[in-house]
Amino acid sequence: MPASHALSQSYLAEAEAAIRRIADTQAGAIEQAADAVAHSLKSGGLLYLFGTGHSASVAVEPYHRAGSLVPIRPIVEPAMTLHSQPA
């Protein structure tokens, strides 16, 4: 078995373990957050998303996606993304 295969299998096993830990320890908090967002949207609220650098994609991905929820508002400051030269 090539070393790269062993490394990729190790990486996948660690990723699965991390997701399992999140599911085991954070399921309640994730459900509460989902309920709060659903309640807000149902009541006419907006979902504001924010990110800087690479995580700005978290804010813009759902907003620009065809068929996405209409009440999504990204908060993206161009100076804090990687789309422009630093000053």
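The values are calculated or read from the model by the stated rules, or taken from the named source; none is laboratory data. What you are looking at is a predicted structure, and each value in this text was computed from that prediction instead of being measured. Note: ideal-geometry Cβ built from the backbone for every residue, glycine included; neighbour counts use all protein chains shown.
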Original post:
Is at least one residue of segment 45-56 modelled with pLDDT under 90, more than 16 Å from the chain's Cα centre (by Cα) and surrounded by 11 or more Cβ atoms within 10 Å (Cβ to Cβ)?
Top reply: no
Original post:
Looking at segment 8-19, is at least one residue out of contact with any Gly (no Cβ under 9 Å at 6 or more places or on another chain) and of a type in the set (Val, Ile, Thr)?
Top reply: yes
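Residues are listed down the side, and each one gets a yes or a no for (1) out of contact with any strand residue (DSSP E or B) (no Cβ under 9 Å at 6 or more places or on another chain); (2) loosely packed, with under 11 Cβ neighbours inside 10 Å; (3) among the hydrophobic types (A, V, I, L, M, F, W, C):
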| residue | (1), (2), (3) |
| --- | --- |
| ALA3 | yes, yes, yes |
| ALA17 | yes, yes, yes |
| THR25 | yes, yes, no |
| HIS39 | yes, yes, no |
| LYS42 | yes, yes, no |
| ALA66 | yes, yes, yes |
| PRO71 | no, no, no |
